[in-house]
Amino acid sequence: MPTANAKARILLKQGKASVKTVKPFTIQLTYTTTEYTQKVTLGVDSGYLNIGFSAVSESKELISGEVKLLQGMSDRISEKSMYRTIRRGRLRHRKPGFDNRERKEGWLAPSIQHKLDTHVRFIEKLKSILPISKVIVEVANFDIQKIKNPDIEGEGYQEGEQKGFWNLREYILHRDGHKCQNPKCKKSSEILEVHHIKFRGNGGTDTPNNLITLCSNCHTSENHKKGKFLYEWQYTKPKLRSFKDATFMSMVRWKVTKILNCKVTFGYITKSKRIELRLEKSHYNDAFAIAGGSTQSRVHPIEVEQTRRNNRSLERFYDSKFIDVRTGKKVSGGELNCGRRTRNKSYNTENLRVYRGEKVSKGQRRIRTQRYFYQPGDLIKYENRVYTVKGAQNSGKYVALKEIKKVPRVELLEPYRFRKGLVVV
C-alpha cells in the first residue's frame, strides 16, 4: 500500500526497503510483514489511442493517469510485407507460402493483437505494484442488450429511468458520430439533442431507428412546423448510419475481461456517474468513475507513453528525390510515378514522371550491421542537461540529439533513461 514520502525515506535509509521502480516511485520491503492489505479497485477506460486508469481504496485514490498507446502498427506491418515480398522475389524455386497458412481459433490481426497485449500487460503491471482486488473495464458506450430488451434485470439495470435515458442517448450519439445530422446545418452548436424522426404525437416510438442527433440550433420548435425539414423527415426519412457491434475495440475489450477475469461496465453508466461527480471529461476521470470513486481524495495523474522497443528491420530503402516542376518543391520518386498499377488490367492513372525536374539525391538501400547502445527515444545526459536521442552516426561513434544540432561523441554521454515499452513521462 502507498506510504508517506517521509516514511519511505526512513525505510530506505535504514535498509528496510529497496527501490523497485523510479516512476512511479515504488519501494519493496526487505523484512517480513503481515499480509493484510486494503481493498483496491482498478477502473480502466480502454480505448484505441489512450487507456485511462484509476485505482481507488475506500478513503483515497492511489494512482491515476493515461497511457498513450503506440501508433502506426499497420504501417509497419505493411512495410514488413513489402520487404518480404522483395526478398521472396529474389529467391528462386521457393515454395509458395500463401496456400499453407493456418490460423488458430481466436486469431486476431497483428494490429488488434498488439492493442490486446498492451492492455493486459499494463493492467498486470499495475497489479504487481498495488494489491488490486477487483478490476472493472468499460467494454462499450452502451448496452445493446438493454436497448433490445429494456426489462432486462441485473446489476446496473435497476437504477431508475435516467439510466435508461443515458444508455439509449449514448447509442444514438455514438452511431451519429456526435455530430448534427442535418446536412444543411451551418451553425452547429456544441449542445447535441436526440430528436424523434416521427413525432411521438403521431405514433413515433423510442426505438433507435426513429431517433437522430441534432444540434440545438436545428432542433427548434420552428423546424417542427409543417413545411420545415423536421416535419418533412417524417415522410422522407433520412438515411441513418448503420452501427456495427463487432468493431476491433469491442473484441479487445471483451478479450481483456476474459483473460483477466474482470468486471464490466458501460459508457453510459460512466458518463452519468462522472456528471454526477461534476468531473471534466478525461480518460482518468472516466476511470475514476468506473472504479466507483466518489468522495475519495484525488492524486495528480501521471502520463505513460508506449514506445517501440526495437526496430528489427535490417534493411531500409530510401527513395530518390526530385524537384517537382509544378511546385518547385522536393518530393520522392514514388510520388511522381508512371501511374501503372497492374499488368493485365487498365487501372493506370496519370503519368506523373513528366513532372520530374532535377534529381536531388539517388535512391539507396542501407543494411544495418549492428545494434547500437543508444536507441532513438532514449534520454541521455550531456553537459549536465537531459536530451533525447535521435539516432547514431558514423558507425555509432556519434549520437544525434533532437534538441540541438551539435552531434557529440558517444564517450561524452551518460545514460539517463532507456525509454522502451511502457514508460512514465
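Here are a few things to note about the model shown:
- If the condition is being under 28 Å from the mean Cα position of the chain (by Cα), more than 30 Å from V139 (Cα to Cα) and not polar (S, T, N, Q), then region 1-24 contributes K20, V22.
- Within region 317-333, residues that are without any contact (Cβ under 8 Å) to a residue 12 or more places away in the chain sit with their Cβ atoms under 6 Å from residues that are surrounded by 12 or more Cβ atoms within 10 Å (Cβ to Cβ) and assigned to a strand (DSSP E or B), at 6+ positions apart or across chains, in these pairs: V331/D324.
- Search result, residues across region 172-190 that are at pLDDT below 80 and either under 17 Å from Q234 (Cβ atoms) or part of a loop (DSSP other than H, G, I, E, B) (or both): K186, K187, S188, S189, E190
- Count of region 175-196 residues which are surrounded by 16 or more Cβ atoms within 10 Å (Cβ to Cβ), touching a helix residue (DSSP H, G or I) at 6+ places or on another chain (Cβ under 8 Å) and either closer than 11 Å to T213 by Cβ or of a type in the set (K, R) (or both): 5
- Top-ranked residue of region 254-304 - restricted to ones that are of a type in the set (V, I, T) and part of a strand (DSSP E or B), ranked as nearest to the chain's Cα centre (by Cα): V304
- I302 vs. criteria farther than 29 Å from T270 by Cβ, surrounded by 16 or more Cβ atoms within 10 Å (Cβ to Cβ) and of a type in the set (A, V, I, L, M, F, W, C): no
- Region 59-77, residues that are surrounded by 11 or more Cβ atoms within 10 Å (Cβ to Cβ) and hydroxyl-bearing (S, T, Y): S64, S74
- I63 under 24 Å from Q296 (Cα atoms) and of a type in the set (A, V, I, L, M, F, W, C): yes
- Checking K329 against (1) surrounded by fewer than 16 Cβ atoms within 10 Å (Cβ to Cβ); (2) under 29 Å from the mean Cα position of the chain (by Cα), the condition it does not meet: (2)
- Taken together, the criteria place P408 among residues that are over 35 Å from the mean Cα position of the chain (by Cα) and closer than 28 Å to V425 by Cβ.
- V354 being free of Cβ contacts under 8 Å to residues at least 12 places away in the same chain and over 36 Å from the mean Cα position of the chain (by Cα): yes
- Residues of region 201-221 satisfying the condition of being over 16 Å from I191 (Cα atoms) and assigned to a strand (DSSP E or B): L211
- For region 35-56, the set of residues classified as over 16 Å from D286 (Cα atoms) and in contact (Cβ under 8 Å) with a residue 12 or more places away in the chain consists of T37, Q38, K39, V40, listed by residue number.
- Matching residues, region 280-332, being of a type in the set (A, V, I, L, M) and more than 30 Å from K134 (Cβ to Cβ): L314, I323, V325, V331
- Filter result for E276 (without any contact (Cβ under 8 Å) to a residue 60 or more places away in the chain, among the acidic types (D, E) and either exposed (fewer than 14 other Cβ atoms within 10 Å of the Cβ) or in the same structural domain as L173 (by TED's automatic domain parsing) (or both)): yes
- Within region 379-403, considering residues that are within 26 Å of Q71 (Cα to Cα) and not in a strand (DSSP E or B), the one farthest from the chain's Cα centre (by Cα): E403
- The number of residues in region 368-387 being in contact with a Lys or Arg (Cβ under 8 Å, 6 or more places away or on another chain) and surrounded by 15 or more Cβ atoms within 10 Å (Cβ to Cβ) comes to 6.
- Only listed residue being small (G, A, S) and either outside the structural domain of T118 (by TED's automatic domain parsing) or out of contact with any helix residue (DSSP H, G or I) (no Cβ under 7 Å at 6 or more places or on another chain) (or both), chosen from S57, S64: S57
The values are calculated or read from the model by the stated rules, or taken from the named source; none is laboratory data. The structure presented is a predicted model; accordingly, all values stated were derived computationally and were not measured. We place every Cβ from the backbone using ideal geometry, glycine too, and count neighbours over all the protein chains shown.
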